[in-house]
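Engineer: Below is one structure. I have some questions about it.
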């Protein structure tokens with residue numbers, strides 16, 4: 001494990017800011033559930049000291065974060081490593097590697113969303 005990533009509750013909760021974010025994450029999970037495309041196997045909190053993000057991670061290494069009072073999947077593209085929520089990545093679509101574009105289309109299909117101003121090429 002590296003110095004910037006931790007799943008240790010003592011590390012996550014050592015600062016009031018992160019502790020309150022984790023409480024809000026747990027409240028959102030209780031009120032609204034996990035994102036539909038986030039597997040509930042082995043869910044645990046995590047903290048990235050470098051970014052300051054507190055989030056949930058699972059056995060599949062999927063990530064979800066608090067956004068507007070609900071948990072939303074947070075993605076990392078496989079080729080360029082672009083990170084963000086679906087809507088943020090959709091805004092970056094035209095700057096993405098073609099393999100990352102296809103990856104984003106697959107996510108869009110799985111969550112019932114579209115990428116604005118694009119048409120998926122038919123294979």
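Engineer: Quote the FRET efficiency, to the nearest 0.05, computed for residue 4 versus residue 37 with a Förster distance R0 of 30 Å and r equal to the Cβ-Cβ distance.
Structural biologist: Given R0 = 30 Å and the Cβ-Cβ separation, E is 0.70.
Engineer: Mind telling me which of 42, 69, 112 comes out most flexible in a GNM of the chain, alpha-carbon contacts under 10 Å?
Structural biologist: Evaluated over the chain, the most mobile residue of the options is 112.
Engineer: OK, next. Per DSSP helix of 4 or more residues, -39500 (n - 2.57); summed, then divided by the residues of the chain. What does that give at 222 nm, rounded to the nearest 500?
Structural biologist: When only DSSP H runs of four or more count, the value is -10000 deg cm²/dmol.
Engineer: Right, something else. For a label point 7 angstrom out from the Cα of residue 11 toward its Cβ, which stretches of segment 36-70 have the backbone nitrogen within less than 13 Å?
Structural biologist: Label zone hits: 45-55.
Engineer: May I pose another question? Compute the helix-to-body angle for 98-111: its Cα long axis versus the longest principal axis of the chain, expressed 0 to 90° and rounded to tens.
Structural biologist: 70 degrees
Engineer: Taking only C-alpha pairs under 8 Å that are 6+ residues apart, what is the relative contact order of the chain in percent?
Structural biologist: Taking the mean separation of contacting Cα pairs over the length of the chain, I get 18 percent.
Engineer: Taking the chain as the reference, fit the longest principal axis to its C-alpha atoms, fit the long axis of helix 16-32 to the helix C-alpha atoms, and give the angle between the two in degrees, 0 to 90, nearest 10.
Structural biologist: Around 60 degrees separate the two axes.
Engineer: Would you mind getting me the FRET efficiency between residue 113 and residue 23? Use the beta-carbon distance for r and R0 = 30 Å, nearest 0.05. Display every interim value, and only then the final one.
Structural biologist: Details: r = 29 Å, r/R0 = 0.97.
Result of the calculation: an efficiency of 0.55.
Engineer: May I ask you to sort 44, 19 by Cβ crowding, counting other Cβ atoms within 10 Å and putting the fewest first?
Structural biologist: 44, 19
Engineer: If you wrap a convex hull around the alpha carbons of segment 70-123, what volume per residue comes out, as a whole number of Å³?
Structural biologist: In segment 70-123, the Cα convex hull volume per residue is 83 Å³.
Engineer: Which order do 9, 94, 86 fall in if you start with the one that has the fewest other Cβ atoms within 10 Å?
Structural biologist: Going from least to most buried by this count: 94, 9, 86.
Engineer: Here's a follow-up. Taking the number of other C-beta atoms within 10 Å as the exposure measure, put 102, 18 in order starting with the fewest.
Structural biologist: 102, 18
No lab work stands behind these numbers, since they all come straight from the coordinates. Since this is a predicted model, take the numbers as computed values, not measurements. Positions of Cβ are backbone-derived with ideal geometry, glycine not excepted, and every protein chain shown enters the neighbour counts.
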